[in-house]
1. Calculated from DSSP H runs of 4 or more alone, at -39500 (n - 2.57) each and per residue, what is the 222 nm mean residue ellipticity of the chain, nearest 500?
2. Trypsin sites (Lys or Arg not before Pro) within region 34-96: which are DSSP loop residues with at most 11 other Cβ atoms inside 10 Å?
3. Count the net charge of all other residues whose Cβ sits under 14 Å from the Cβ of residue 42, scoring Lys and Arg as +1 and Asp and Glu as -1.
4. Pulled fully out, how much extra length does the chain show between residue 54 and residue 103, if you take 0.36 nm times their separation in residues and subtract their Cα-Cα distance?
5. Quick check: the angle from helix 119-131's long axis to the longest principal axis of the chain, C-alpha only, nearest 10 degrees?
6. Would any residue of region 45-65 have its amide N under 18 Å from a label point 7 Å out along Cα→Cβ of residue 19? List them or say none.
7. Could you work out the local net charge near residue 58, counting Lys and Arg as +1, Asp and Glu as -1, over the other residues with Cβ closer than 12 Å to its Cβ?
8. What is the angle, in °, between the Cα long axis of helix 80-91 and the longest principal axis of the Cα atoms in the chain? Nearest 10 is fine, range 0 to 90.
Amino acid sequence: MAAVSEAFVGTSPRKGRVIGVLPSSIQHVGEPPSGYPNRWVEIVIRTHLNKRGSEGARSGSRNHVNVLSSDVVIVLPGAEGTASEAQLALDYGRPCVAYLDDRSQVLDLPLSVPVESDFERVKQFVLDASRQ
């Protein structure tokens, strides 16, 4: 997410801010783990939610907040937490598209999530989903 945040902050002009919904460390509830937030986050939302990665779909994960706060979910290359966010998007009925060269870039990506390698197609998906 740091790369996405950096790219957005570097865009000019831009509308919006970079929001970071932070997980909690297991040792200190409400304190984020090392490395959170990335330096481009402009609005920090701390949580008590410490589940991540392979536990990203569990009720103790911030992924629910990320997905439920989104109008459209765009999946980028990632690991288990990314796959769980894609699954949550499907579970919550959020439009979801994967911007990947190949489905294998996100292990366990649900088969019903479309994969697009062309940015213009991803852009059109977002525009179409936003109109609905």
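Any read-out appearing in this document is the output of simple, stated calculations on the displayed coordinates, not a laboratory observation. Keep in mind that what you see is a predicted model, and the values were worked out from it rather than measured. Cβ coordinates were reconstructed from backbone atoms using ideal geometry, including for glycine residues, and neighbour counts include every protein chain displayed.
1. Values: 4 runs with 39 residues, N = 132.
For the chain, the value works out to -8500 deg cm²/dmol.
2. Working: sites: 39, 46, 51, 52, 58, 62; in loops: 39, 52, 58, 62.
Answer in residue order: 39.
3. Around residue 42, the surrounding residues sum to +3.
4. Working: separation 49, 0.36 × 49 = 17.64 nm, distance 1.79 nm.
Working it through step by step, the gained length comes to 15.8 nm.
5. With both axes taken from Cα atoms, the answer is about 80 degrees.
6. Within reach of a label on residue 19: 45-49, 61-65.
7. Working: positive: 51, 52, 62; negative: 55, 80.
So the environment of residue 58 carries a net charge of +1.
8. 60 degrees
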